Amino acid sequence: MTMTTLVSLSLLLVACAAGLLAWPLLRQWRQRSRAARTIDSALQRQAGASAPAAGQTVGGGVTSNAATAATSAGAAGAGGTSNAAHATHAAHAANGAKAASTAGPPLGGKLGHTLGKTIQSRFNQRWLESRIGRAVVTEEEHALLEQCGFYGVRARAVFGALRVALPIVASILAVIWKVQGGQAQGGGEAALTWGFVAFSLGFFAPKLWLRRRARSRLAQVDEELPVLIDMLRLLQGVGMSIDQSLQIIVVEFGNLLRVLGPELHRANQQFASGRSREQTLLRIGRLFDSEDLKGLITLLTQVDRHGGGVQEPLRQFGERLQVARKARMKAKIGKLTVKMTGVMVVSLLPVLLIITAGPGFLGAIRLLAQMGAAR
């Protein structure tokens, strides 16, 4: 068995595996599309059947009114009667067309869209509850998605589909590229190795990207927390409650808080739907692994539960955050100083040696050259 035959069989097996994985998804998608089209056509037929009845009702009223007008105008002559009849037919046609256009496709399209979203949500839920879905989207990936700001079943389904499709496509492309290059050079021995490497990179790349985005958002939370505390202090100073302060921060200053703003908006929505303020805030504390944020949430929940003034504790908490931030900045500056020492040694030391010791070396070389010429 040659290498080309082995690679071809490997590609065939990969294609068969991809087809087996994609077949349930395609079947569900086909059933969903067929159901949506059937319901849309039924609603359009029903709307088309109800439109003539509405046109007749409206037309009958207009005809009776036109007939009354024609009767009152009959004393003036036959010309008024014919004009009234023409007006009656025009009003009947216009009202019938308007009723048909108003009661027809928008209702069917809206219900079809709602049905499509419902079926898609159920399909995504079944895909996540399958064996492959549970294997590629674990609890860790679910937590990372929420830390990155991706909520809901659809986000998890898209991430799972990407994590299944990307390795297969990457491995197939890598094998094809390597096989073509190997044929041009007389051999393709490393094609399977490249395919395995591409499959591994394609499988772990989405999770690595999620981790990187989650770390950047956690760092952004530490930067936004002092701003949030200052806003809460100002709003509490004018006599607003915690709920009113959080609502105003989300509505008016949500653009300043790129990470905490959407999370507080989601917390306000959950609070409006019936959850307690403590539950909505503790969710944010569990989501972001930040001790300062957990301390602020604990302070707000205690004040919301037991009452009391929160402006002075917020001022002390903000001062403590500023001190901790200065300490972190000093530590970062110390690390940068050590790193810059290596950069200065690599970049400035050769230049310094050339400038200071260069003339001496040149003088010694000239002296040795003159001594050699004298001999």
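Here LEU299 meets each of (1) assigned to a helix (DSSP H, G or I); (2) surrounded by fewer than 15 Cβ atoms within 10 Å (Cβ to Cβ) with one exception, condition (2).
All of (1) over 15 Å from ILE297 (Cβ atoms); (2) within 27 Å of the chain's Cα centre (by Cα) hold for SER241 with one exception: (2). Please verify whether ILE333 is without any contact (Cβ under 8 Å) to a residue 60 or more places away in the chain, surrounded by 11 or more Cβ atoms within 10 Å (Cβ to Cβ), part of a helix (DSSP H, G or I) and under 35 Å from the mean Cα position of the chain (by Cα), treating the condition exactly as stated. No; evaluated as a whole, the condition is false for this residue. Just one of the listed residues (PRO226, PRO262) is surrounded by fewer than 15 Cβ atoms within 10 Å (Cβ to Cβ), touching a residue at least 40 places away in the same chain (Cβ under 8 Å) and under 22 Å from LEU300 (Cα atoms), and it is PRO262. Of the numbered criteria (1) outside the structural domain of GLN302 (by TED's automatic domain parsing); (2) surrounded by fewer than 17 Cβ atoms within 10 Å (Cβ to Cβ), the one GLY274 fails is (1). If the condition is being out of contact with any helix residue (DSSP H, G or I) (no Cβ under 6 Å at 6 or more places or on another chain) and of a type in the set (D, E, K, R), then segment 279-314 contributes ARG283, ARG286, ASP289, GLU291, ARG305, GLU312. Just give me the residues in segment 205-221 being buried (at least 18 other Cβ atoms within 10 Å of the Cβ) and under 19 Å from GLU291 (Cα atoms), in sequence order. Selection gives ALA214, ARG217, VAL221.
The values are calculated or read from the model by the stated rules, or taken from the named source; none is laboratory data. Since the structure is predicted, the reported quantities are computational estimates derived from the model, not experimental observations. Glycine also receives a Cβ, built like all others from the backbone with ideal geometry; neighbour counts cover every protein chain displayed.
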